[in-house]
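Any read-out appearing in this document is the output of simple, stated calculations on the displayed coordinates, not a laboratory observation. Owing to the predicted nature of the structure, the values given are computational and were not obtained by experimental measurement. Cβ atoms come from the backbone with ideal geometry, glycine included; neighbour counts cover every protein chain shown.
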Ligand SMILES: [Zn+2]
């Protein structure tokens, strides 16, 4: 799934030194590792979006029919139909933002935060992103603790690192 996102990852200082392309990839991989959650969030957002759209349109249909009945001068305005369309467009855009983009961004933020937590040194919590990986091991520059990335369920890509030597098969 492609995420055409605002640069949510820029809210995380640990990712500051990486390029947009690298961060994009980092986010994609973190999301891909959570297929079940992704499905749930997608269904949730679609449901929210449907409720928001149906609710919004129903509200406007009701509102406009009331106005048509009780506010005759409005109906006589040349620009009234255009104003109706504009009003609907503005409110529906706001609803899409509230029902889809806001929850999605919030979720992606939590996915990034989780992935950042899982890519820290196990002993001192130092960020291991971007470090060299040798024979599948990454060494913390702060405390010297070495850990196998495979044992932690990670790949070199997850750590935004280049694998220096092929990992043992
Ligand atoms: Zn460490």
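Figure legend. Inter-residue proximity from region 130-142: first residues within 26 Å of residue 13 (Cβ to Cβ), second residues part of a loop (DSSP other than H, G, I, E, B) and within 15 Å of the ligand (Cβ to nearest atom), beta-carbon distance below 6 Å, spacing 6+ or different chains. Indicated pairs: 138/128; 138/131; 138/149; 140/121; 140/126; 142/124; 142/126.
Summed over region 125-145, the residues that are more than 9 Å from the ligand (Cβ to nearest atom) and surrounded by fewer than 13 Cβ atoms within 10 Å (Cβ to Cβ) give a count of 1. If you go through region 80-112 and keep only what is touching a helix residue (DSSP H, G or I) at 6+ places or on another chain (Cβ under 8 Å) and under 23 Å from residue 35 (Cα atoms), you end up with 99, 100, 103, 104, 105, 107, 108, 109, 111, 112. Can you report the number of residues in region 128-151 which are more than 16 Å from residue 115 (Cα to Cα) and in a loop (DSSP other than H, G, I, E, B)? The qualifying residues number 9.
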